[in-house]
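Right, one structure below, let's go through it.
The values are calculated or read from the model by the stated rules, or taken from the named source; none is laboratory data. Values in this document were obtained by computation on a predicted structure and should not be read as measured data. Cβ placement follows ideal geometry from the backbone for every residue including glycine, while neighbour counts extend to all protein chains displayed.
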């Protein structure tokens with residue numbers, strides 16, 4: 001087991017929330033005060049009083065547009081970002097489509113529909129972040145890390161993460177730029193990409209998730225303010241994990257970021273995404289679009305640890321997470337989605353793979369944990385268009401408190417796709433008697449050579465298992481954490497190492513107090 | 001939608017001329033149902049429950065709603081559709097009209113009777129008032145349409161602690177007398193505490209002509225009651241069937257419904273179980289063997305509302321030609337229903353490139369101490385097994401039939417009437433055009 005101190009520092013470093021220095025120091029003092037003898041039990045206590053640990057609000061002076069949405073607002077966003085005319089047209093086309101669309105209500109979630117005129121569509125920190133790279137980090141912070149026995153250089157190596165921090169829809173800092181540039185990898189904010197690499201953006205944006213794809217995708221296409229852009233050239237294996245960290249900071253704003261990852265022929269990239277938001281009484285809207293394009297022989301691994309504010313114990317506040325994620329696989333390409341969903345009041349998210357090229361592979365590994373009044377409707381779509389395409393779906397749902405957790409998936413085999421293969425497994429774990437677990441798997445096979453397998457189970461934590469743990473001196477709360485971790489291990493082991501540690505902790509926090 | 005207009009406009013006239021209700025309660029239920037249908041109309045593919053099945057190809061014909069019914073059929077023409085020539089209770093309808101000549105009803109001790117008789121006789125009023133249209137949900141437009149027009153069908157009432165000696169057959173023939181026919185049979189089956197019944201239902205057209213049957217069956221199983229219900233769907237390619245069956249189970253009852261869908265233009269089976277007591281057992285089995293342009297949609301719902309209940313679903317599908325199969329199974333477990341054990345399995349084999357299989361096994365669970373699982377597969381016959389059979393001198397056609405039969409066999413095994421089992425086996429063999437020795 002990795003000592004706890006390293007653990008925390010990893011979390012902080014990865015988030016790289018430099019704009020947020022005071023929080024940093026607070027965390028570090030906390031660690032200093034505890035010296036080395038920090039036990040799991042103390043952690044539990046801390047977590048109990050802490051509730052949502054990322055619920056801080058950073059007082060960054062920021063520029064926020066008035067609430068409301070109109071063509072004028074879109075033109076203003078576009079002007080502010082100094083975008084070329086084709087981008088403005090593209091946005092306006094999306095907006096016009098959006099005005100004709102209706103909000104979907106087929107998902108198994110209940111909520112007060114957001115008023116789209118009561119949201120501010122642009123909020124950006126006025127001052128640019130102080131730290132452009134790790135070298136500029138406050139010496140005191142460095143000192144603290146040294147005391148912990150980890151030099152920053154080592155940290156850098158250990159985490160090996162290049163981070164693009166997006167606060168309130170505007171990219172604040174991108175680290176490790178130089179290392180990446182040497183390899184020809186482009187990793188920057190999407191606004192920068194629109195300026196610098198318009199031909200790439202123009203060629204690929206909206207090709208996987210068209211503007212008219214769905215209500216939220218259309219909204220995002222119209223108003224997205226920033227996001228990440230990544231291009232891996234032919235045959236390049238990205239030497240480090242690329243990461244984006246999203247944060248909604250301002251009140252009354254929605255976050256609409258757009259991520260575009262293009263892996264050229266034969267390249268490889270592993271991409272991480274983390275999300276947090278301050279604890280607020282109101283509901284905040286997050287409607288992102290992620291497009292992945294894996295050209296021939298390329299591989300993209302996309303991992304998400306989503307920890308938006310889930311609302312308080314009574315179900316007030318929390319983030320509405322309505323995200324469209326989709327990847328397109330060309331010949332022999334592979335896209336792998338891994339997600340750990342612990343946050344958000346409402347999750348509506350279906351990372352999908354379109355297996356267009358022959359021999360392409362799609363994978364989906366997911367853990368969704370819901371507690372208190374959270375509602376999650378999440379799953380995946382695997383669309384098999386090419387011959388010999390394969391897909392794997394492993395979905396684990398854990399529901400506790402008064403939450404509802406749904407898996408909704410689609411496996412579609414087109415008539416011309418020969419010898420396709422799919423395996424799906426979705427398991428649900430129920431804790432307590434006030435929550436629900438649901439599965440809606442759709443299987444559509446139009447080819448006789450397809451082999452599709454689907455299995456799902458729902459159960460509770462076995463009393464025998466709990467008893468066994470108790471008998472060995474492990475208390476119930478810990479035993480549950482242990483069992484849930486075991487239940488999810490199939491997915492957790494797909495995460496990059498340091499992310500897995502964070503995810504494991506998140507699972508424990510999310511299930512806090514769910515033992516009846 | 002023209003046919004809807006026709007149904008709506010003819011309702012009041014028919015109510016005065018044919019239905020002749022003297023029971024205000026029934027009249028009220030009819031009017032309510034009529035309003036529901038008027039509001040909602042026929043379901044479309046926009047509705048989630050009808051996503052994979054479109055009724056629009058059925059609605060273009062000008063159907064006769066109330067056929068004349070004076071068509072005679074010679075017993076020799078329909079003999080082959082009877083399970084036994086004698087020895088069973090039979091309720092036979094020709095074009096929706098009761099045929100006393102071919103039927104064999106029973107009125108002593110328990111009732112194997114007609115729905116129209118039960119509606120109008122005082123002695124059955126209590127049962128009709130209690131159960132008619134109370135088991136079926138009120139919001140379904142097709143059920144509502146049937147309720148509004150409910151006039152004829154089977155009425156089976158088994159009082160406490162009785163067990164009929166032999167199975168009860170419900171047979172619907174369409175003679176082809178009218179160019180296009182829309183039938184709406186309504187069955188009510190009440191099996192009281194501690195009783196048993198075996199029922200076989202079959203719809204058969206004798207001549208190729210467009211016929212649509214919108215059938216609704218309500219089944220009540222009292223405490224400790226046991227019901228086995230078999231549906232044989234092996235109709236001509238011109239006939240369609242929309243079957244809605246609603247089952248209400250009391251404590252310790254066992255109900256099994258076995259559906260063999262072997263032919264028809266469009267078949268839709270809505271099978272709904274509501275478990276209202278403890279320690280109930282529900283079994284749903286299905287075999288689907290399709291070819292040509294046939295389309296079968298199984299939509300099941302098992303609602304576990306009480307603790308310690310079990311349900312078991314097993315559906316096998318074999319699809320050839322450009323046939324389409326749909327399986328939409330749902331298990332709903334209420335918060336109350338702790339210790340539920342629900343199992344659902346759906347296996348499909350696609351034997352041709354144009355055949356389509358859509359499956360949507362759903363679980364909706366609100367109780368934590370349950371064991372629910374489902375499995376769903378779509379695949380082909382095992383090439384190695386086929387090769388093995390061929391290497392032993394079995395021709396490919398026979399080998400395919402044998403493997404398919406073996407695939408469907410564990411569902412067939414659950415048919416407890418030997419004659420019926422043999423009958424279904426023969427039907428499956430004939431679908432594959434092989435002789436597997438069942439005829440001997």
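Listing for the model above:
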| quantity | calculated |
| --- | --- |
| Qualifying position, being at the interface with another protein chain (Cβ under 7 Å from one of its Cβ atoms) and out of contact with any helix residue (DSSP H, G or I) (no Cβ under 7 Å at 6 or more places or on another chain), among B:360, B:354, B:330 | B:360 |
| The lone exception for residue A:396 - which of (1) in contact (Cβ under 8 Å) with a residue 40 or more places away in the chain; (2) within 9 Å of chain B (Cβ to nearest Cβ) it fails | (2) |
| Residue identified as more than 28 Å from residue B:280 (Cα to Cα), more than 8 Å from every other protein chain (Cβ to nearest Cβ), in contact with a strand residue (DSSP E or B) (Cβ under 9 Å, 6 or more places away or on another chain) and part of a strand (DSSP E or B) among B:325, B:321 | B:325 |
| Subset of the stretch B:273-287 (residues that are within 23 Å of residue B:140 (Cβ to Cβ) and either free of Cβ contacts under 8 Å to residues at least 24 places away in the same chain or surrounded by fewer than 21 Cβ atoms within 10 Å (Cβ to Cβ) (or both)) | B:274, B:276 |
| Residue within the stretch A:270-279 that is closer than 29 Å to residue A:88 by Cβ and modelled with pLDDT of 85 or more present | yes |
| Test result for residue B:411, at negative phi, away from chain A (no Cβ under 14 Å) and buried (at least 17 other Cβ atoms within 10 Å of the Cβ) | yes |
| Criterion (more than 30 Å from residue B:361 (Cα to Cα), more than 14 Å from chain A (Cβ to nearest Cβ) and part of a loop (DSSP other than H, G, I, E, B)) met by exactly one of B:60, B:54 | B:60 |
| Unmet criterion (only one of (1) in contact (Cβ under 8 Å) with a residue 12 or more places away in the chain; (2) under 19 Å from the mean Cα position of the chain (by Cα); (3) under 21 Å from residue B:184 (Cα atoms)) for residue B:102 | (2) |
| Unmet criterion (only one of (1) more than 8 Å from every other protein chain (Cβ to nearest Cβ); (2) outside any strand (DSSP E or B)) for residue B:347 | (2) |
| Single match in B:102, B:20 (criterion: at pLDDT below 85, more than 20 Å from residue B:212 (Cβ to Cβ) and either surrounded by 18 or more Cβ atoms within 10 Å (Cβ to Cβ) or touching a strand residue (DSSP E or B) at 6+ places or on another chain (Cβ under 6 Å) (or both)) | B:102 |
| Residue, surrounded by the most Cβ atoms within 10 Å (Cβ to Cβ), within the stretch A:306-330, restricted to residues that are at pLDDT below 80 and in contact with a helix residue (DSSP H, G or I) (Cβ under 9 Å, 6 or more places away or on another chain) | A:310 |
| Residue in the stretch A:100-111 that is modelled with pLDDT of 80 or more, in a helix (DSSP H, G or I) and either more than 26 Å from residue A:317 (Cβ to Cβ) or in contact with a helix residue (DSSP H, G or I) (Cβ under 9 Å, 6 or more places away or on another chain) (or both) present | yes |
| Matching option when the condition is in contact with a strand residue (DSSP E or B) (Cβ under 8 Å, 6 or more places away or on another chain) and either within 26 Å of residue B:338 (Cβ to Cβ) or in contact (Cβ under 8 Å) with a residue 24 or more places away in the chain (or both), among A:418, A:404 | A:404 |
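Here is a yes/no grid of residues against (1) within 7 Å of chain B (Cβ to nearest Cβ); (2) surrounded by 22 or more Cβ atoms within 10 Å (Cβ to Cβ); (3) closer than 16 Å to residue A:409 by Cα:
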{"site": "A:424", "(1), (2), (3)": "no, yes, yes"}
{"site": "A:440", "(1), (2), (3)": "yes, yes, yes"}
{"site": "A:447", "(1), (2), (3)": "yes, yes, no"}
{"site": "A:468", "(1), (2), (3)": "no, no, no"}
{"site": "A:472", "(1), (2), (3)": "no, no, no"}
{"site": "A:478", "(1), (2), (3)": "no, no, no"}
{"site": "A:496", "(1), (2), (3)": "no, no, no"}
{"site": "A:501", "(1), (2), (3)": "no, no, no"}
{"site": "A:507", "(1), (2), (3)": "no, no, no"}
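Table: residues versus (1) closer than 14 Å to residue B:289 by Cα; (2) surrounded by 19 or more Cβ atoms within 10 Å (Cβ to Cβ).
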{"residue": "B:315", "(1), (2)": "yes, yes"}
{"residue": "B:336", "(1), (2)": "no, no"}
{"residue": "B:340", "(1), (2)": "no, yes"}
{"residue": "B:343", "(1), (2)": "no, no"}
{"residue": "B:358", "(1), (2)": "no, yes"}
{"residue": "B:363", "(1), (2)": "no, yes"}
{"residue": "B:383", "(1), (2)": "no, no"}
{"residue": "B:396", "(1), (2)": "no, no"}
{"residue": "B:401", "(1), (2)": "yes, yes"}
